[in-house]
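The values are calculated or read from the model by the stated rules, or taken from the named source; none is laboratory data. Bear in mind the structure is a predicted one, so any value in this text is a computation, not a measurement. When we count neighbours, we look across all protein chains shown, and the Cβ atoms used for this are built from the backbone with ideal geometry, even at glycine. Heads up: the accessible areas ignore ligands, DNA and RNA and are worked out on the full protein's heavy atoms, side chains in. Shrake-Rupley method; radii C 1.70, N 1.55, O 1.52, S 1.80 Å.
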Amino acid sequence: MSDTSRRPRKPGKPYRRPKKDPVRILAFEALRAVDERDAYANLVLPPLLRKARESEDFDGRDAALATELVYGTLRRQGTYDAVIAECVDRPLRDVDPPVLDVLSLGAHQLLGTRIPSHAAVSATVELARVVLGDGRAKFVNAVLRKVAQHDLDGWLERIAPPYDEDPEDHLAVVHSHPRWIVSALWDALGGGRAGIEELLAADNERPEVTLVARPGRATTEELLREDAAVPGRWSPYAVRLTEGGEPGAVDAVRDGRAGVQDEGSQLVALALANVPVDGPDERWLDGCAGPGGKAALLAALAAERGASLLAAEKQPHRAGLVAKALHGNPGPYQVIAADGTRPPWLPGTFDRVLMDVPCTGLGALRRRPEARWRRRPEDLDGFAPLQRGLLRTALESVRVGGVVGYATCSPHLAETRAVVADVLKQFPETELVDARPLLPDVPDLGEGPDVQLWPHLHGTDAMYLALVRRTG
């Protein structure tokens, strides 16, 4: 038997340290925070970007790419999961979550961006070597090479059931929404394929940043002097930052004279402020005021008329955010930490009341794409008693002749019309006010008297508003 132990080994490739890509490492860290801690990307990403700018050669283009990788991956998570499932040899639940995050980042680069396929695969494999190790990087490489065999349209033809056979599941896969949310949004829209396709597509678009010029403290003219700033579509106080404008760089925002506020949220406050009331108009209430955007606008509008606003928020830390938003308001206001279902004020105290109630947030899926994967149908049952309780409090808190605004950032019928209909049965001496004339020039507001805004029709979050007047 020959002795082979002394034969010289064939020279192998020298070990190469993986290249650290700060953009993709940051995106991976953000996705891990969203997955592990149930964090929200819009809260996790900004501090990560600030830290990157301070410590590394990290410019605006890097920040834009990192932001696109995080939000794009989260928005398309359902579609990418279905694609990856076709490319692995095990159930997706058996793939370690960090590995799946890296695969999803790679899938987004391959299927959702203009990054060349070879660059998307190689950059993602390098990321895997850094954050997962060489062994699992080989797995990532093998899977992504399979993903790269087709573009997004090609994959959708393979993984989505035909529309005619299962329309809801088809739309769920193609537009990356859970099936139950597709069904709920379709019901709220009232049927028709074109509308639901447009809505689901709008949910996957990156929304513009919208600012509000708080009356008496800032003007839209001031905000429009900012780079890439254009007027809002509907609110006279709105200014949109196009091309990824950074609100933190705006002096008025840093000073609190202006704020970041979706135009739908502004319209809700404006409609409540503009509805006619019988008798005095001196005391306004925001009964669910956190984090303070609507309260700040309402307080400024109240100040112009010599009225005062009481802003109540149950959570003390959120009440602190409300106080910060209202600081510097030109007229009188008060912020308190109070449970809106057990109010410390007397019945019939207020002339105008806003209740923007906690909800599933299905109207803001553009801004918080991860919410679509966390919410479950049973969450509706959890919110239902609170929403009804807060609307009851609002109706008890307003005087005869005054008006209540019930608002929610969800178009789900169980959180909108069903709540209003149930509660008004207990308050026969009320009437619904047509909210549509209070939003002049805003099209496609439906049959009324309530209003449902939509991302695909109005460019806003899907805010709902019903106005109710106490008649006795």
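Key figures
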read-out: Sorted peptide list for 436-448, 344-356, criterion being average Cβ within 10 angstrom, highest first; value: 344-356, 436-448
read-out: Unit charges at the beta carbon, dipole of the stretch 72-230: most positive-side option, Gly133, Pro207, Leu100; value: Gly133
read-out: Within the chain, percent of DSSP bridges classed antiparallel, to nearest 5; value: 55 percent
read-out: Net length gained if the chain between Gln426 and Val400 were fully extended (0.36 nm per residue, minus Cα distance); value: 7.8 nm
read-out: Volume of the Cα convex hull of the stretch 301-458, divided per residue and given in Å³; value: 148 Å³
read-out: Asp94 versus Asp59: modelled label distance in nm, points set 7 Å from Cα along the beta carbon direction; value: 4.7 nm
read-out: Candidate values (1) 4, 21, 31, 26, 13, 4, 1, 0; (2) 4, 16, 23, 27, 20, 8, 2, 0; (3) 4, 18, 27, 23, 15, 8, 3, 1, 1, 0, 0, label of the one derived for P(r) over Cα pairs in 10 Å bins from 0, in percent; value: (3)
read-out: Per residue, in Å², the accessible surface of the stretch 261-369 once ligands and nucleic acids are set aside, probe 1.4 Å; value: 37 Å²
read-out: For Asp251, solvent-accessible area (1.4 Å; no DNA, RNA or ligand), Å²; value: 80 Å²
read-out: Gain on full stretching of the segment that runs from Arg254 to Gln149 - 0.36 nm per residue minus C-alpha separation; value: 33.1 nm
read-out: Separation in nanometres of the label points that stand 7 Å from Cα toward Cβ, at Ala337 and Thr471; value: 4.2 nm
read-out: Solvent accessible area, Å² - Tyr163, 1.4 Å probe, full protein context; value: 50 Å²
read-out: Trypsin sites (Lys or Arg not before Pro) restricted to the stretch 49-147 and DSSP loop, no more than 10 other C-beta within 10 Å; value: Arg114
read-out: For the chain: relative contact order, % (alpha-carbon pairs under 8 angstrom, 6 or more apart); value: 11 percent
read-out: Local electrostatic count, Ala325, Cβ distance below 10 Å [Lys/Arg +1, Asp/Glu -1]; value: +3
read-out: Lysine pairs meeting the criterion (Cα under 30 Å, 8 or more apart or interchain), as found in the chain; value: 18
read-out: 20 Å reach of a label modelled at Ala194, 7 Å along Cα-to-Cβ, counting backbone N of the stretch 154-172; value: 163-164, 167-168, 171
read-out: Debye, to nearest 20: dipole size of the chain, +1 on Lys, Arg Cβ, -1 on Asp, Glu Cβ; value: 2080 debye
read-out: Probe 1.4 Å, accessible area per residue of the stretch 6-127, Å²; value: 58 Å²
read-out: Centre separation in Å (Cα based) which lies between the stretch 415-451 and the stretch 52-113; value: 41 Å
read-out: Sulfur and carbon atoms: percent of accessible area, the chain [1.4 Å]; value: 49 percent
read-out: The stretch 132-258 - charge dipole about Cα centre, Lys and Arg +1 at Cβ, Asp and Glu -1, debye rounded to 20; value: 500 debye
read-out: Theoretical ellipticity at 222 nm over the chain - DSSP helices of four or more residues, -39500 (n - 2.57) apiece, nearest 500; value: -14000 deg cm²/dmol
read-out: Added length on full extension, which subtracts the Cα-Cα distance from 0.36 nm per residue, Lys19 to Arg179; value: 53.6 nm
read-out: Projected label distance in nm at Arg206 and Glu36, using a 7 Å step from Cα toward the beta-carbon; value: 2.6 nm
read-out: Test item: Cα-centred dipole of the stretch 69-176, Lys/Arg +1 and Asp/Glu -1 on Cβ, debye; value: 640 debye
